[in-house]
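Peer 1: Structure in structure tokens, see below.
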Amino acid sequence: MKVLGIETSCDDTSVAVYDSDTGSVANLISSQVDLHDHFGGVVPELASRAHLVNLLPLVDVLLKRENLTLQDLDGVAVTSGPGLIGALLVGLSTGKALSLAADRPLVGIHHIEGHILANALTGELVLPAVVLVVSGGHTELIHMPCIGRYESLGGTLDDAAGEAFDKTAKLLGLPYPGGPHIDRLARQGKPGRFALPRPLLKDKRPVFSFSGLKTAVRLVIDGLPQPLSEQDVCDVCRDLQDAIVDVLAGKLFALADDLQVPAVYLAGGVAANGWLQDRVQAEADRRGVHFIPPKPLYCTDNAAMIALAGYHHLAAGRRDSLSLDSFARAPLTSWR
Ligand code: KG4
Ligand code: ZN
């Protein structure tokens, strides 16, 4: 089965074709980072307009490059939410038009399910598992007994992990999104220079809170000589990343130990963080728990994960009608 995937939930326009017979995926991303960088964050109206300009040409390029026509496809999968409504509507309307034109079934995919199933692009999933979803808008622990069943076990009380990276990066004058820059600069940072908190790490509940960490970092930065030296910036990045990774890994494995699952996974943009991947790998190896670090390309927003998720929905006989709507917010629910 060949499934076309479309992802336009935020500032990346992405299209992909997943082929279940070969397990291969062709993925194209048109990034809008340069468009929004000047504003220090994503401007929703600009994002929608850029999706509108880029999406159909991107589908065209992908199909030509893969030597495919619309008739070669078996279905169309499109992110229906959560995300920016205008941006989602561009992808959804385009997905509907293509499904109607090609007379192929349409399925709407929850963006977070896409992020979770992106792990199946790196290797076969071992289930049941506990998945830590860490993106710009989500920090959530999910129990996944099988594909299509998701039980939320807890999440953040305030900011998402990605926001903690992005807001600190903004305080340090780094470009948006800040996560990859902090990941890179932290490598040259000296650990332990600032005593940053590990919010709720000792709390037994599977809950996170990152807003206090941002305040603590702001106080640290304000107390340093201005403008900050390159070494100061690297040291702040290192301690912030250490604090976030300590909390994320601590909570993930507390739950994995409790539930005695054979596997853990990371999902979402922050899952691309090298330090987080290394820590989770080390802890998983120590326990004999299965974990494969996801490829950074498939951690941040991409259509490959949507096409793959679409394949599972279509294979299970799920179909959506042309009245399918987009949504800004909604929890991931089970469909199987
Ligand atoms: O999943 P994603 O691409 O978009 C959302 O669905 O939100 O996640 C974007 C988030 C941003 O906060 C970005 O700073 C963060 O992922 N991110 C990273 C890294 N790469 C992306 N955070 C830490 N380290 C990275 N290497
Ligand atoms: Zn995402």
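Peer 1: For the chain, what is the charge dipole size about the Cα centre, in debye to the nearest 20, if Lys and Arg each add +1 at the Cβ and Asp and Glu each add -1 at the Cβ? Don't skip to the answer; put the middle values down first.
Peer 2: Details: 29 positive and 38 negative charges, 92 e Å.
Using only the charged Cβ atoms, the result is roughly 440 debye.
Peer 1: Give me, ordered by chain and number, the residues 5 or more places off PHE210 or on other chains with an amide H under 5 Å from its own placed amide H.
Peer 2: LEU157, ASP158, ASP159
Peer 1: Angle check, please: helix 211-222 long axis (alpha carbons) against the longest principal axis of the chain (alpha carbons), in degrees 0 to 90, nearest 10.
Peer 2: Here the helix axis deviates by roughly 50 degrees.
Peer 1: Which aspartates and glutamates, if any, have their Cα less than 13 Å from the Cα of LYS251, not counting same-chain residues under 8 positions apart?
Peer 2: Cα-Cα hits under 13 Å: GLU140, ASP203, GLU283.
Peer 1: Can I ask one more? Would you be so kind as to identify which of LEU252, HIS36, LEU125 lies farthest towards the positive end of the dipole of the chain, taking Lys and Arg as +1 and Asp and Glu as -1 on Cβ and the Cα centre as origin?
Peer 2: So the residue we want is LEU252.
Peer 1: Hey, which of these cross-link pairs are over 25 Å Cα-Cα: LYS2/LYS295; LYS202/LYS295; LYS204/LYS295; LYS170/LYS202?
Peer 2: On the way: LYS2/LYS295 22 Å; LYS202/LYS295 31 Å; LYS204/LYS295 31 Å; LYS170/LYS202 29 Å.
Distance filter (> 25 Å) returns LYS202/LYS295; LYS204/LYS295; LYS170/LYS202.
Peer 1: Could you work out how far helix 161-171 tilts from the main Cα principal axis of the chain, as a 0 to 90 degree angle to the nearest 10?
Peer 2: With rounding to tens, the tilt is 60 degrees.
Peer 1: Same structure again: Quick one: MET1, MET305, fewest Cβ neighbours within 10 Å first, how do they rank? If you can, show how the numbers build up before the last one.
Peer 2: Details: MET1 13, MET305 33.
In order of increasing Cβ crowding within 10 Å: MET1, MET305.
Laboratory data are not the source of any read-out in this text; all were calculated from the coordinates shown. All values derive from a computational prediction rather than experimental measurement. Every residue, glycine among them, receives a Cβ derived from its backbone with ideal geometry; neighbour counts consider all protein chains shown.
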